[in-house]
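To start, the structure under review is shown below, and the notes come after it.
Bear in mind these aren't lab numbers, they're just calculated from the coordinates by the rules spelled out. All values derive from a computational prediction rather than experimental measurement. A quick note on method: Cβ atoms are made from the backbone with ideal geometry, for glycine too, and the neighbour counts reach across all protein chains shown.
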Amino acid sequence: MNKGKLPWPLRESLITRRFGKQPHPTFSGITLNSPGLHLVTQKGAYAEAIFGGTVLAIQLSSERKKNVLVQHGNYITAYNNLENTLVKMGDKVVTGQKLGKVYTDKVTGKTTLIFVLFKNTTRLNPASWMLKR
């Protein structure tokens with residue numbers, strides 16, 4: 001993978017939570033530890049592969065949302081909080097391929113992708129791998 005040169009997993013988005021430790025946006029004295037980026041986008045948006053690879057797994061979260069994990073050699077990208085998926089385990093994907101539709105919360109109306117990047121089992125800051133916006 002090419003650090004600093006990869007496309008974003010959404011065509012348009014706003015980072016609402018960054019990677020790593022940060023203060024809670026509402027409650028003072030509370031620290032959050034985010035495993036990846038929380039990206040808010042428009043309703044109906046699709047998550048797209050940031051690099052070619054193989055679908056390692058499709059997971060179902062406890063909230064019944066879907067997560068797609070794509071392996072790229074020693075790296076894995078996770079596209080979490082999907083309403084549905086367009087790929088299945090073992091599929092080969094290419095850069096820019098749609099993986100699934102991002103879930104829109106029925107209470108808040110926000111459409112949020114949680115994007116996580118691993119090298120082997122270590123979480124990395126996805127923003128440092130993406131093209132500058």
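Two decimals is fine: what's Rg over Rh for the chain, C-alpha atoms, Kirkwood radius as Rh?
0.95
Residue by residue through the range 4-16, what is 3J(HN,Hα) from phi via Karplus (6.51 cos²θ - 1.76 cosθ + 1.60, θ = phi - 60°)? Round to whole Hz and write x for glycine and proline.
So the Karplus estimates, Gly and Pro as x, are x, 10, 8, x, 6, x, 10, 5, 9, 6, 10, 6, 9 Hz.
How large are Rg and Dmax for the range 48-119 when calculated on the C-alpha trace, in angstrom?
According to the Cα coordinates of the range 48-119, Rg and Dmax are 11.8, 38 Å.
Give me the net charge for the shell around ALA78: Cβ to Cβ below 13 angstrom, other residues only, Lys and Arg +1, Asp and Glu -1.
+4
Mind checking which lysines have their Cα closer than 19 Å to the Cα of LYS3? Skip sequence neighbours fewer than 8 apart in that chain.
Hits, sequence-local ones excluded: LYS119, LYS132.
Taking the highest mean first, how do the peptides 20-28, 116-124, 64-72 order by number of other beta carbon atoms within 10 angstrom per residue?
The densest-packed peptide leads the list: 64-72, 116-124, 20-28.
Whole-Hz ³J(HN,Hα) for each residue in the range 43-53, computed from phi via Karplus 6.51 cos²θ - 1.76 cosθ + 1.60 with θ = phi - 60°, x for glycine and proline: what do you get?
Karplus values, whole Hz, x for Gly and Pro: 4, x, 6, 10, 6, 10, 4, 8, 6, x, x.
On a straight-distance basis, which aspartates and glutamates could pair with LYS66 in a cross-link, Cα separation under 15 angstrom, same-chain partners fewer than 8 positions away excluded?
GLU48, GLU83, ASP105
What dipole magnitude, in Debye to the nearest 20, does the chain give about its Cα centre under +1 on Lys/Arg Cβ and -1 on Asp/Glu Cβ?
180 debye
Using every Cα-Cα pair within the range 1-44, state what percent have a distance larger than 15 Å.
So the portion of pairs separated by more than 15 Å is 57 percent.
Explain nothing, just the number: relative contact order of the range 1-82, from Cα pairs under 8 Å at least 6 residues apart, as a whole percent.
Relative contact order comes out at 23 percent.
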